[in-house]
Structures are given as C-alpha cells and as structure tokens.
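What follows is a single structure, written as structure tokens, with notes after it.
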Amino acid sequence: MFGKPQWFRPKTIGWGLVPITWQGWLYTGGWGGAIALPFLLLIARHQPVEAAAWMALGIGGLTCDVWQILRTYRAPRSATAASPVASGGKVDDNVLYILDSRPGQPVATRNYNLQVRG
C-alpha cells in the first residue's frame, strides 16, 4: 500500500476514497499522472494494444491500493489499536477474564455457564 489511510476518508456514496489532506491530493494526482501520461504517449505512438494493457495494469494497481486502504477502515479497532501485541503485552487468546465475580458463584454468558473451582 502506497497511500496512507490518514490521507483519505471512505466515500459516502459509491466505492472508493476521497482525499482530505494535501498528501492525499498529491497521491491521487500522482496515480492519475502515472496512468494517463504513458497511456497518452502510447496512443500517440500508435500502439493501442500496449496502451490498453498499460491502462488495465494501472487501474488494477490503483484498485488494489484503494482496496487495501479501505480494508484498514473496516478492520475492527479492538484488533488493531488495543491489541496486547501493539502495547508490548503477552498474548493469550485462550483466557477468559471475568471481573466483578465472587469466588464460587457461577457466572453465565450467552453460550456458557462458568464456575470457579475452589
């Protein structure tokens, strides 16, 4: 991914991104130039097959980059920002912590009935 998610926001209607910083606008213009200029040069040289191939590859690369940026917006915040790995803590996914429970008193969740062994 070349673009940073901080430079964009997801579109409210349709699929894609909207630049919100000058870096986002520069990134958008850079992609536009990188796709359009070689395409126009290839057309001027009467190479329509190569121009079409360049356009397809360029749009494919841009789509992949935009898709990766959009994935960061859809990722759960708890998995990225508050993960124990990011804070340097120990990861133990197999431990269920239940706070505010008295020893010996059963605790019920939606899927399990739990009780502390004494």
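All of the numbers you see were taken from the coordinates with simple rules; none came from a lab. This structure is a prediction, so every number in the text was calculated from the model and none was measured. Counting neighbours? That spans all protein chains shown, and the Cβs are built from the backbone with ideal geometry, glycine included.
Less than 5 angstrom separates the built amide H of Arg9 from those of Val18, Ile20, all sequence-distant by 5 or more or on a different chain.
Compactness of the stretch 5-87 is given as radius of gyration and Dmax, 16.9, 57 Å, from Cα positions. Modelled spin labels at Thr72 and Trp25, positioned 7 Å past Cα toward Cβ, are 2.1 nm from each other.
Among Phe39, Phe8, sorting on how many other beta-carbon atoms sit within 10 Å of each Cβ, with the fewest leading, yields Phe39, Phe8. For the stretch 5-87, the relative contact order comes to 27 percent (Cα pairs under 8 Å, sequence separation of at least 6).
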